[in-house]
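Peer 1: I'd like to ask some things about the structure below.
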Amino acid sequence: WFYSEEVDKPWGTVWEDAAPERSQEAWYRQTLAEMERELGNDADEVEVDRWMSQRAVRYIRDNPPLFARASLLRFCRFWSFVPSRPARGSLSSPVLVGVGIFYALVTVGLIIGLVAILVRPLPREWWFAVLLVGAFSLAHLVYWSNARMRAPVIPGIALISALGWSTLARSLHGSRNGRTAANSSGRKP
């Protein structure tokens, strides 16, 4: 139902309970009924988890293109600059623009920081932040995702972003100082 209610719909569509027969509650009731038919009423938590996992793996295996599209959707939601609907509706346009600009700048810094970590040798402690952010990103390719799911890794994102912006500032400052030194020595820039 998630695929038909969100993945196959235009970008930004959120699975809502507008159509009761296609609601999340209806999906839950149907899934619960299927599980009870297959496992009985007295299945324990481990059996239920195993049943759900097998069902998910079977669906992924039977529908790889849809799963890939859903993973891309979840990735975009995880890294979204602004909240998705319905949370977006409670914010004014200037606030949404401000939030979007802030997270765009954080993400640009994050990308520059990741490049800096890959290009130059830094203490291995930086890799813990990279692996943490990467692990959350990968997990949310499969599991439900939106921008709120980034909350546990915001400290790592902030550190890497700060590294990125400081690397960019040092690079720009160094190139400006290099031109000034070259000009004062009589060499052409």
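The values are calculated or read from the model by the stated rules, or taken from the named source; none is laboratory data. In this text, all values refer to a predicted model and were calculated from it rather than measured experimentally. Neighbour counts run over all protein chains shown; Cβ positions are idealised from the backbone, glycine included. Heads up: the accessible areas ignore ligands, DNA and RNA and are worked out on the full protein's heavy atoms, side chains in. Shrake-Rupley method; radii C 1.70, N 1.55, O 1.52, S 1.80 Å.
Residues checked against (1) open to solvent by 30 Å² or more (accessible area, probe 1.4 Å); (2) in contact (Cβ under 8 Å) with a residue 12 or more places away in the chain; (3) touching a strand residue (DSSP E or B) at 6+ places or on another chain (Cβ under 9 Å); (4) within 19 Å of Cys76 (Cα to Cα):
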position: Leu96; (1), (2), (3), (4): yes, yes, no, yes
position: Leu114; (1), (2), (3), (4): yes, yes, no, yes
position: Trp126; (1), (2), (3), (4): yes, yes, no, no
position: Ala129; (1), (2), (3), (4): no, yes, no, no
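Peer 1: On the basis of being under 27 Å from the mean Cα position of the chain (by Cα), open to solvent by 90 Å² or more (accessible area, probe 1.4 Å), at pLDDT below 95 and of a type in the set (Lys, Arg), does Arg148 make the cut?
Peer 2: yes
Peer 1: Right, another one. With the condition kept exactly as written, say whether any residue in the stretch 58-76 is under 30 Å from Ser166 (Cα atoms) and open to solvent by 70 Å² or more (accessible area, probe 1.4 Å).
Peer 2: The answer is yes, given that some residue of the stretch 58-76 is under 30 Å from Ser166 (Cα atoms) and open to solvent by 70 Å² or more (accessible area, probe 1.4 Å).
Peer 1: Does the stretch 78-85 contain any residue that is outside any helix (DSSP H, G or I) and open to solvent by 80 Å² or more (accessible area, probe 1.4 Å)?
Peer 2: Among the residues of the stretch 78-85, at least one is outside any helix (DSSP H, G or I) and open to solvent by 80 Å² or more (accessible area, probe 1.4 Å), which makes the answer yes.
Peer 1: Among (1) in contact (Cβ under 8 Å) with a residue 12 or more places away in the chain; (2) open to solvent by 90 Å² or more (accessible area, probe 1.4 Å), which single condition is Ala158 missing?
Peer 2: (2)
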